[in-house]
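To start, the structure itself, in structure tokens.
The values are calculated or read from the model by the stated rules, or taken from the named source; none is laboratory data. Not measured: the values here are computed from a predicted model. Positions of Cβ are backbone-derived with ideal geometry, glycine not excepted, and every protein chain shown enters the neighbour counts. We work out accessible area using only protein heavy atoms, side chains counted, and drop any ligands, DNA or RNA first. Shrake-Rupley method; radii C 1.70, N 1.55, O 1.52, S 1.80 Å.
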Amino acid sequence: MPLNKSHGSITAEGIKFNGKHYSCPLAIKEQWFERVRTTGPIDLKVYFDSMDYTEIALLINTSFVCCKLIEHNNTQFDPEEYYRKLQQLRQQRNQKK
């Protein structure tokens with residue numbers, strides 16, 4: 001089934017599309033959500049399956065990057081907090097080596 005194409009934006013809360021927020025490892029690694037706090041939202045094309053909004057895809061350079069839905073049951077995902085916790089876990093792991 002071909003993917004549909006629409007517009008979304010990178011915001012401090014995540015990749016916003018269709019009223020929902022998404023994230024992916026690349027966005028966290030490259031600190032997209034942190035950077036847009038100073039630059040403002042960045043518009044981008046979003047590819048999606050209209051039968052399943054739990055994942056979207058972004059075309060980055062020549063590859064598709066899969067992003068997962070990060071809001072469930074009205075709870076907010078804080079990408080900065082996630083990134084901080086991920087960094088703490090990595091530091092703890094490195095200290096044990």
### Task
Could you pull the accessible area for Lys16 with a 1.4 Å probe, rounded to 10 Å²?
90 Å²
### Query
What's the tally of Lys pairs in region 1-81 whose alpha-carbon atoms lie under 17 angstrom apart, where the two lysines are 8 or more places apart or on different chains?
10
### Query
What GluC sites (Glu not before Pro) does region 1-51 have in DSSP loop regions with at most 14 other beta carbons within 10 Å?
Glu30
### Task
Calculate, for the chain, the solvent-accessible area per residue in square angstrom, rolling a 1.4 angstrom probe over the heavy atoms of the protein chains.
72 Å²
### Query
Can you work out the base-10 log of I(q)/I(0) for the chain at q = 0.10, 0.11, 0.13, 0.21 1/Å, using the Debye formula on its C-alpha atoms alone?
-0.29, -0.35, -0.48, -1.06
## Note on the structure
Lone Cys, the chain, Cβ cut-off 4.7 Å -> Cys66
